[in-house]
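To start, the structure under review is shown below, and the notes come after it.
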Amino acid sequence: MSKDETESAIDAASTTFQIFRNTSARYKSRLLRRWYDLMTENAGDLATLITLENGKALSDAKIEVEYAASFLEWFSDEAPRVYGDVISATVAGNQVLTIREPLGVCGLITPWNFPAAMITRKAGAALAAGCSVVVKSPGETPLTINALVELAHRAGMPPGLINVVTALSNTIEVGHTLTSSPLIRKISFTGSTRVGKILMQQCAETTLKKISLELGGNAPFIVFEDADIDAAITGTIASKFRASGQTCVCPNRIFVHDSVYDIFAARLAARVRSEFVVGNSLTTSGVTHGPLIHQTAVQKVENHVKDALSKGAKVLAGGSRLPQLGPNFFSPTVLSNMDDGMLLASEETFGPVAALFRFKTEDEVIQRSNNTEVGLAGYFFSKDVDRVWRVVKALEVGMVGINTGVISDAAAPFGGVKSSGFGREGSKYGIGEYLSIKMIAFGGNGAALKGRL
């Protein structure tokens with residue numbers, strides 16, 4: 001879509017916002033709940049659509065639909081809980097109050113790896129707050145969001161409340177239109193750190209919008225010597241290989257204590273070889289992993305594997321493309337003998353590669369885990385309670401999984417630190433990203449007014 005079409009979408013959102021902002025919290029809650037119900041009723045069709053355009057296995061897509069719908073359910077409950085405060089003033093005769101108001105029209109820019117969940121996580125919070133939205137859909141997966149918005153309209157969402165702009169070749173033009181429009185009061189972006197910095201600069205140069213950024217990661221996954229090895233392997237599989245490793249919170253560097261490294265590596269590789277089936281999940285039963293999103297993604301994964309092998313890494317499982325299945329298929333891979341000088345240690349692979357690094361001490365692994373510009377998620381397995389709290393405090397990340405490989409939850413705040421961005425999505429904090437606080441000083445309560453800055 002063009003700049004003019006994007007501006008038309010912004011205008012429609014602005015017009016609807018003036019009405020929607022004044023509707024009751026219960027009205028907003030009911031709209032979101034009906035949208036949730038329709039998503040649940042159409043879960044099978046939505047999952048099939050995700051698989052068709054994204055490639056992830058149908059079983060994985062079904063989980064995404066459930067996860068995506070959970071944000072609508074969560075924020076339908078949060079909408080009536082937008083509260084202000086009554087504050088004891090220090091100025092005699094005054095009473096201080098705060099109210100929380102919707103920001104206005106919000107521009108939402110979402111990625112292709114979770115084409116349903118990244119929409120509902122942002123839009124659910126924005127609508128619950130009373131905002132209207134213009135969504136720039138991912139060019140690789142535009143159909144899922146259009147299906148979701150059709151369900152939103154069936155749920156009774158008024159025209160202009162949710163507007164979709166599709167773009168691929170002209171993504172830059174559409175993005176700049178959103179960041180430069182004076183009607184857009186907030187940008188929420190999920191994607192790469194590189195693009196996030198560009199959007200932040202554009203927002204600062206024009207209208208100084210509020211902005212939330214959920215950017216790249218390089219998550220450490222630490223297996224200490226006292227860990228439950230089988231549980232740690234299960235956690236690794238759940239976290240690393242979900243969506244074929246195309247998630248921002250999946251472990252990129254798996255650090256395993258030297259004393260348990262060999263047994264962990266052998267068991268993990270054995271499970272990957274025996275449990276995973278790669279193929280077309282729409283035509284073949286039992287498929288656990290589909291193709292990657294495009295050949296650029298496959299090339300990056302292959303480059304990281306080749307770089308590691310050239311520097312001494314060993315393949316324990318997978319390690320190559322699967323051309324007999326198609327150009328975008330890459331086998332789930334386990335690499336051992338990794339070191340910090342390999343590309344995979346410093347760059348987010350975004351693919352199905354479990355890279356195993358050795359470590360000997362807690363201090364060493366913390367230093368290596370934090371040796372990155374990003375800080376989205378981190379994981380570790382340990383039975384030592386004292387160590388648990390030391391490591392939680394030491395890891396420079398926004399989210400920590402302790403003895404689990406699954407951290408995403410509609411009830412939990414999602415977001416990072418450092419160059420992984422700022423702002424939080426989901427949870428009771430997520431709705432606050434779309435609200436502003438207005439202070440009210442209410443005077444004339446019987447005391448003489450005293451001057452003060």
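The values are calculated or read from the model by the stated rules, or taken from the named source; none is laboratory data. The shown structure was predicted, so the numbers you read here are calculated from the model rather than taken from an experiment. FYI the Cβ positions are ideal-geometry reconstructions off the backbone, even for glycines, and counts take in every protein chain you see.
Within the range 121-133, does at least one residue satisfy the condition of being modelled with pLDDT of 95 or more, basic (Lys, Arg), assigned to a strand (DSSP E or B) and in contact with a strand residue (DSSP E or B) (Cβ under 9 Å, 6 or more places away or on another chain)? No, the range 121-133 contains no residue that is modelled with pLDDT of 95 or more, basic (Lys, Arg), assigned to a strand (DSSP E or B) and in contact with a strand residue (DSSP E or B) (Cβ under 9 Å, 6 or more places away or on another chain).
Tell me, yes or no, whether the range 164-186 has at least one residue that is under 20 Å from residue 67 (Cβ atoms) and assigned by TED's automatic domain parsing to the domain that holds residue 67. The answer is no; no qualifying residue exists. Selection of the range 165-175 for residues being touching a residue at least 60 places away in the same chain (Cβ under 8 Å) and farther than 20 Å from residue 433 by Cβ yields 165, 166, 167, 170, 173, 174. Here the condition is being out of contact with any Cys (no Cβ under 6 Å at 6 or more places or on another chain) and under 25 Å from residue 229 (Cα atoms); of 417, 400, it holds for 400 alone.
Here is a yes/no grid of residues against (1) touching a residue at least 24 places away in the same chain (Cβ under 8 Å); (2) out of contact with any Asp or Glu (no Cβ under 8 Å at 6 or more places or on another chain); (3) assigned to a strand (DSSP E or B); (4) more than 16 Å from residue 211 (Cα to Cα):
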site	(1), (2), (3), (4)
107	yes, yes, yes, no
115	yes, no, no, yes
144	yes, no, no, yes
159	yes, yes, no, yes
163	yes, yes, yes, yes
182	yes, yes, no, no
185	yes, yes, yes, no
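Candidates 231, 297, 227, 238: the one that is closer than 22 Å to residue 62 by Cβ and either modelled with pLDDT of 95 or more or assigned to a helix (DSSP H, G or I) (or both) is 238. Taking residue 208 as meeting all but one of (1) farther than 22 Å from residue 125 by Cα; (2) surrounded by fewer than 17 Cβ atoms within 10 Å (Cβ to Cβ); (3) of a type outside the set (Lys, Arg); (4) without any contact (Cβ under 8 Å) to a residue 40 or more places away in the chain, write down the number of the exception. Going through the list (1) farther than 22 Å from residue 125 by Cα; (2) surrounded by fewer than 17 Cβ atoms within 10 Å (Cβ to Cβ); (3) of a type outside the set (Lys, Arg); (4) without any contact (Cβ under 8 Å) to a residue 40 or more places away in the chain, residue 208 breaks only (1). Output the residue which, of all residues in the range 370-419 that are hydroxyl-bearing (Ser, Thr, Tyr) and under 30 Å from residue 75 (Cα atoms), is surrounded by the most Cβ atoms within 10 Å (Cβ to Cβ). My answer is 379.
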